[in-house]
Amino acid sequence: MPHDCSTPTAQAGVYPFDARGVAKRFRHAAIFGALEALHPGETMRFCNDHDPLPLLAQIQHRYGPYFRATYISRAVGQVIIDFLAVGEETPQ
């Protein structure tokens with residue numbers, strides 16, 4: 001069953017973030033802010049219209065091992081990635 005980011009399901013500790021509705025010039029700043037708001041064990045379920053490979057590289061460079069990215073879907077127009085906050089504290 002495909003996931004529809006426009007109708008998020010409530011799961012404890014999983015917070016939806018649909019980047020498709022954020023203006024492109026604000027996206028990365030908004031994403032970094034959302035990631036930094038997560039507590040260890042919480043997940044940001046990220047939806048986008050394309051595979052954000054440059055963003056993933058920036059997240060790895062900026063935060064190192066503090067986030068684990070897992071693809072839920074790589075469907076065209078609906079890429080879904082879970083970012084799990086791991087570790088004790090996220091560097092800002």
Quiz item: Under 5 Å between amide H atoms, partner at least 5 residues away or on a different chain: which partners does PHE46 have, H built in plane at 1.01 Å?
Solution: PHE17, ILE81, ASP82, PHE83
Self-check item: Kirkwood Rh, Cα atoms: Rg over Rh of region 14-85
Solution: 0.92
Quiz item: When the label point is put 7 Å from the Cα of VAL14 along its Cα-to-beta-carbon vector, which residues of region 41-60 have a backbone N closer than 19 Å?
Solution: 41-49
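Coordinate-derived values only; no laboratory data. Keep in mind the model is a prediction, meaning the values are calculated, not measured. Every residue, glycine among them, receives a Cβ derived from its backbone with ideal geometry; neighbour counts consider all protein chains shown.
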